[in-house]
Every structure is written in structure tokens, then in C-alpha cells.
Amino acid sequence: MSTAQMQVQFWGVRGSIACPGPETVVYGGNTACISIRFRDETERLIIIDAGTGLRSLGDALIADSVSQMPIRADLFLSHTHWDHISGFPFFAPLYHPDTRLSVYGPVTGEDEPLERFIDDQLRYRYFPLRSNELLAKIAYHSIGEGILDLGDGLKVRSQYLNHSLLCLGYRFEYRGCTVCTAFDTEPFRNVFPSDPAHPEYDPLIAAEGDRAASEASQRLRGFFQGAELLIHDAQYTKAEYVDSKVGWGHSAMEDAVDAALHAGVSQLILFHHDPQRTDAQLSRLESALQRKLPPDTTLRACAARERMIIEL
């Protein structure tokens, strides 16, 4: 690793479902998985989400483990939708007894631990092995909003996003560097009727809905504030979102740019690409957004690509 404090690498960048094929080879077809390494003596490894990209990360870790210490990693799940956990059974380090893995994430039902959501994949009806046959030592931690101190100067802040399932964004702070993640999420909005002509319109409730949406938006921008790197959901264009995707739990590219600009972010990575989006389409959209950035901004923005590395 170079002299950078943090090294971020993308192993899966798609949303909803993996989409391998000749039209997705440039940006990649695997679902969400990101790794972060830190410049210290512990060789700490953070993994964000366990989509199908986790398989490639695991293979790379096993290939490198001959010359390295046993694998120690902290896996942070944004939520437990299928495209964010389906790579877990194929993570090769799980089948090595020296691996130590801590898994953090939110759960919807308070009476069901995080382990249950992961273990459900590892049943004979879905997979040839069960969770008790894994050799790695795994510890599960159900979390909500808050701050975790992982030691060695690394702190992780978590905040709820706007999705159809409890979903967390993460802010990783290490030696003056900050990386934020926000997927899956969409802009907060007033869910109550705001048109006076609507039969269920109530001015007090409509005003309260506007206030709540505005406060939630400001709070999230505060969560991103001043980050060196923001990795943000950008599954749709603004036109697609307004036309038919409101309430689906994902953001428009333009909204991701707007959030980054308001929060004073240095670099924005558009993430969670629509599985229908081809390389050619993504390239055109990426270029168009870059051209539309304010001329006086210092924000750098691009679309995530598999195996892309960013050093901070």
C-alpha cells in the first residue's frame, strides 16, 4: 500500500441483481461490495456489503494470504436485501479456520438477530452447506444509528437512510480522512397530500410532512459534511426517477451530485448502477453529469467501476 491513509476498492457496483455480460464489462456486473484498507500495522480490512462482488474480494484475499497474516475483517452491511448479502456464502475466507470476521448491520425485526438473516441463505434448500459448517470464527452485531470506535484511530458512524427496509449509511473516519456511503436511499419527501384539492389534505399535517422531510435531508447532508469521498446511490436519472421510480428506495444521479455539492464533499462516486444500464449508457451519463457540474466547484464525480481503487 502507498502512503495514503485509506485505500478504497470496488468489487461490485450494480444494484438489484448481478448482470454479467458483454455490455457490462467496463463498469462491471457484480452487486455491491467495497473494501477499505488502512495505513497502519494491523492491516485492518473493512468490507461494505456482501453482494456478488464479495466472491472476487474473497478470492483475492486467499491468493494474497500466503504472504500475509490470517484474514481479519469487519463486514458492514447497509441492509439485508438480497443483492447486498447474496455473495456471503461464496466468500472463500469463510472456509478457513484462521479467518476472523465481525459482521455489523441493521435488522428489521427486533426479535430476530442479524445472524438469522444471514443464516437463512445457508440452508440445504438454497445452498449445499449450513452456517455451522463454516470454519471461520464469525461474530454478529446488530446495530442502529450511532458511533463505533474500532480502535487504531478508526471510528464508524452510522445513520438511517430512506429505503423500504431499515438501511444504514456509514461514515468511516481515520486519521483525518473520511469516507461516507449511502446506498440504498432516495431523497426524503413529504408522504402526506400537499395539494389543497386532495380530499385528504390537511394543512397542519402537510406542513409537518414538509418539515420532517426537510430536517431529514439536512441531517443526512450533515452526515456527509466535508467527506473526502462519498459513495452514493445513483441508480436512476432524474427523469426516470420522477416518471416511475419514486418510492423504490433509490436515488437519481442528479440528486447524488446535489447532495455532494451541498455537503462540501471532495469526491463523489456514483454507485448501485441499474442492472439494465449498459457500459455505453453509463459512460454517456457520466460524461453528461461531469459537464453539468458548476464551473467553480472543486467536486470530482465519476461512476464506480469494478476493481477501481481510490487512495485518500
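Given Leu114, Leu101, Leu94, which one is closer than 12 Å to Ile71 by Cα and either under 21 Å from the mean Cα position of the chain (by Cα) or among the aromatic types (Phe, Trp, Tyr) (or both)? Working first, answer last.
Working: Leu114 fails: closer than 12 Å to Ile71 by Cα; Leu94 fails: either under 21 Å from the mean Cα position of the chain (by Cα) or among the aromatic types (Phe, Trp, Tyr) (or both).
Just one listed residue meets the conditions, Leu101.
Val265 meets each of the listed conditions (1) over 18 Å from Gly226 (Cβ atoms); (2) crowded, with 20+ Cβ neighbours inside 10 Å apart from (1). Total residues in segment 282-312 satisfying the condition of being assigned to a helix (DSSP H, G or I), in contact with an Asp or Glu (Cβ under 9 Å, 6 or more places away or on another chain) and not aliphatic (A, V, I, L, M): the figure is 1.
Every test in (1) closer than 17 Å to Arg305 by Cβ; (2) in contact with a strand residue (DSSP E or B) (Cβ under 9 Å, 6 or more places away or on another chain); (3) of a type outside the set (S, T, N, Q) is passed by Asp279 save one, and that test is (2).
Does Glu23 satisfy the condition of being on the phi > 0 side of the Ramachandran plot, surrounded by fewer than 24 Cβ atoms within 10 Å (Cβ to Cβ), among the acidic types (Asp, Glu) and outside any strand (DSSP E or B)?
Working: on the phi > 0 side of the Ramachandran plot: no; surrounded by fewer than 24 Cβ atoms within 10 Å (Cβ to Cβ): yes; among the acidic types (Asp, Glu): yes; outside any strand (DSSP E or B): yes.
It is false that Glu23 is on the phi > 0 side of the Ramachandran plot, surrounded by fewer than 24 Cβ atoms within 10 Å (Cβ to Cβ), among the acidic types (Asp, Glu) and outside any strand (DSSP E or B).
Based on this model, can you work out whether Tyr104 counts as at pLDDT 95 or above, out of contact with any helix residue (DSSP H, G or I) (no Cβ under 9 Å at 6 or more places or on another chain) and within 17 Å of Ile47 (Cβ to Cβ)? When the stated conditions are applied, Tyr104 does not pass them.
Quick check: anything in segment 196-211 in contact (Cβ under 8 Å) with a residue 24 or more places away in the chain, part of a loop (DSSP other than H, G, I, E, B) and either touching a Lys or Arg at 6+ places or on another chain (Cβ under 7 Å) or of a type in the set (A, V, I, L, M, F, W, C) (or both)? No, the conditions are met nowhere in segment 196-211.
The values are calculated or read from the model by the stated rules, or taken from the named source; none is laboratory data. The structure presented is a predicted model; accordingly, all values stated were derived computationally and were not measured. Every residue, glycine as well, gets a Cβ built from its backbone with ideal geometry; the counts of neighbours run over all protein chains shown.
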